[in-house]
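Undergrad: Take a look at the following structure, please.
Bear in mind these aren't lab numbers, they're just calculated from the coordinates by the rules spelled out. Bear in mind the structure is a predicted one, so any value in this text is a computation, not a measurement. Cβ placement follows ideal geometry from the backbone for every residue including glycine, while neighbour counts extend to all protein chains displayed.
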Amino acid sequence: MKLDIAVLSGDGIGPEVTAQAIKALEAVAHSFDHNFIFKEALVGAIAIDKTGNPLPNETLELCANTDAVLFGAIGDPKYDNNPSAPVRPEQGLLKLRKELGLYANIRPVKAYDTLIDKSPLKREIIEGTDISIYRELTGGIYFGKKELSDDGTVASDLCEYSQAEIERIAHLAFKAAQKRRKKLTLVDKANVLESSRLWRKVVTEIAKGYDDVTIDFLFVDNAAMQMILNPSQFDVILTENMFGDIISDEASVIGGSIGLLASASVGDTCCMFEPIHGSYPQATGKGIANPIAAILSAAMLLEHFDLINEANAIKAAVEKALELNLTTPDLNNNNPLTTEKVGDFITDYILNPEDSNLNFENIHVGQSTII
Ligand code: IPM
Ligand code: MG
């Protein structure tokens, strides 16, 4: 298969981790005889520095005309601490999601057996957790009308949803549940918010067309608690934009590191794949950022195009790296590898999965052998 892939590596650790995801995709292209063409473009703080715009038109045009977008991270502390900055890197990401119509953000959360003791949560609580979060991505409070009074003392952000916006992501979430454990939990705040009551009404109606899926409703405050009390109860979680942002960061502690969480953002015509961690500016250039979330995002890209064996090749390589503890300092304090070396190992494993496990550590670490 030929795929044109726009690469928006962005800020902070974005370029380092995205480089590893590209290496993994190149290894897949080599092993499975595909042709992936990567085209880079600017986004985020680096784009502001170079062009004054966090999402230059060229970038948007490239993304709209490629098969998929591979995204790194955006954000820079110089903007975080300046609430009156006229442009912000995040605007680039939000505009990209909106313009490309990426209304569904899918965030898988899994407790890997090999990492279970790395989580701050107890083994017996997180064992068996396997959740797929469907976060609405182009509506709600993120995109509602924003106002600041003339004297700068009163501010508001409108949370608005239409039935159509809820329906399109709900169908995707129900279809996903049908292929999984057939349970869907809608997370909302229907005891307080009108928009949440609309979510409940619309989702209840849609559920009638998926009678093999059990549906459950949770208020977001309770869901936040359940996520750390009993996360294995969840299968598919469906929720609006901001609740999904918060719940997915919370869920990331289950896996032991936010550096493991990948995501896919899909719409009717475009798709984008990004790690859920941010730009982690303190780590930039130090080789300590975990590339696995970016690499697993590349696996989600392959799955999106039905390249299932190819995606599994990446996942198997990641699992092997975790099993052998060939990981960055967030998961391995004593003998960590650099971002690049983890990427090298995963790349080599994709190319040579038949090599004996025993030799792997010696043979592969520190060498990228074939490509
Ligand atoms: C995420 C991030 C973004 C969001 C930021 C960077 C705008 O936190 O993708 O979860 O809030 O959606
Ligand atoms: Mg977030």
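Undergrad: Neighbouring Cβ atoms within 10 Å as the yardstick, rank His30, His277 fewest first. Display every interim value, and only then the final one.
TA: On the way: His30 15, His277 26.
Result, fewest neighbours first: His30, His277.
Undergrad: Related question: Would you mind ranking Ser248, Ser232 by Cβ crowding within 10 Å, fewest neighbours first?
TA: Numbers: Ser248 23, Ser232 15.
Listing Ser248, Ser232 from fewest to most nearby Cβ atoms yields Ser232, Ser248.
Undergrad: Hey, any idea what Rg/Rh is for region 186-277, computing Rh the Kirkwood way over Cα pairs? Display every interim value, and only then the final one.
TA: Values: Rg = 14.3 Å, Rh = 14.6 Å.
Taking Rh as the inverse mean 1/r over Cα pairs, Rg/Rh reads 0.98.
Undergrad: Give me the percent relative contact order of the chain, please, defined on Cα pairs under 8 angstrom at least 6 residues apart.
TA: Working: 793 pairs, mean separation 79.7, N = 371.
Computed value for the chain: 21 percent relative contact order.
Undergrad: Tell me the Kirkwood hydrodynamic radius of the chain in angstroms, computed as one over the mean inverse distance between distinct C-alpha pairs. Before the final figure, lay out the partial values.
TA: On the way: mean 1/r = 0.0471 Å⁻¹.
Here the Kirkwood hydrodynamic radius works out to 21.2 Å.
Undergrad: Just to verify a number: FRET efficiency for Asn57 and Asp268, C-beta to C-beta distance, R0 = 22 Å, to 0.05? Intermediate results must be reported in sequence, preceding the final value.
TA: Numbers: r = 22 Å, r/R0 = 1.00.
For Asn57 and Asp268, the calculated efficiency is 0.50.
Undergrad: Based solely on its DSSP helices, what 222 nm [θ] is calculated for the chain when runs of n ≥ 4 H residues each add -39,500 (n - 2.57) and the sum is averaged over all residues, nearest 500 deg cm²/dmol? Please report the intermediate quantities before stating the final value.
TA: On the way: 14 runs with 155 residues, N = 371.
Helix-only estimate at 222 nm: -12500 deg cm²/dmol.
Undergrad: Return the Cα extents of region 104-260 along principal axes one, two and three, sorted largest first, each rounded to a whole Å.
TA: For region 104-260, the Cα extents along the three principal axes come out at 54, 41, 24 Å.
Undergrad: Obtain the nm distance between the two label points defined at Lys183 and Asp157 by a simple spin-label model: each point lies 7 Å from its Cα along the Cα-to-C-beta direction.
TA: 3.1
Undergrad: Give the long-range amide H neighbours of Ile133: residues separated by 5 or more places, or on another chain, with amide H under 5 Å away, using H modelled in the peptide plane at 1.01 Å from N.
TA: It is Arg107, Val109, Ile237, by chain and number.
Undergrad: Give me D for region 51-101 in µm² s⁻¹, whole number, from Stokes-Einstein with Rh from the Kirkwood sum over alpha-carbon pairs, 37 °C and 0.692 mPa s.
TA: Details: Rh = 11.9 Å.
This corresponds to a translational diffusion coefficient of 275 µm²/s.
Undergrad: Put a dot 7 Å past each Cα toward the Cβ at Lys95 and Asp221; how far apart are the dots in nm?
TA: Spacing of the two 7 Å Cα→Cβ label points: 3.8 nm.
Undergrad: Same structure, new question: At a threshold of 8 angstrom on Cα-Cα distance, excluding pairs fewer than six apart, so keeping six or more, what relative contact order does region 104-260 reach in percent? Before the final figure, lay out each step's value.
TA: Working: 293 pairs, mean separation 56.0, N = 157.
For region 104-260, the relative contact order is 36 percent.
Undergrad: Would you mind ranking His34, His171 by Cβ crowding within 10 Å, fewest neighbours first?
TA: Details: His34 17, His171 14.
Least crowded to most crowded, the residues run His171, His34.
Undergrad: Something else about it: Evaluate the distance, in nm, between pseudo-label points positioned 7 Å from the Cα of Arg200 and of Leu172 along their respective Cα→Cβ axes.
TA: 2.5
Undergrad: Pairs Lys23/Lys182; Lys78/Lys286; Lys286/Lys320; Lys98/Lys315; Lys39/Lys98: which are spaced more than 26 Å apart, C-alpha to C-alpha?
TA: Working: Lys23/Lys182 35 Å; Lys78/Lys286 19 Å; Lys286/Lys320 24 Å; Lys98/Lys315 30 Å; Lys39/Lys98 21 Å.
The pairs that break the limit, which is 26 Å between Cα atoms, are Lys23/Lys182; Lys98/Lys315.
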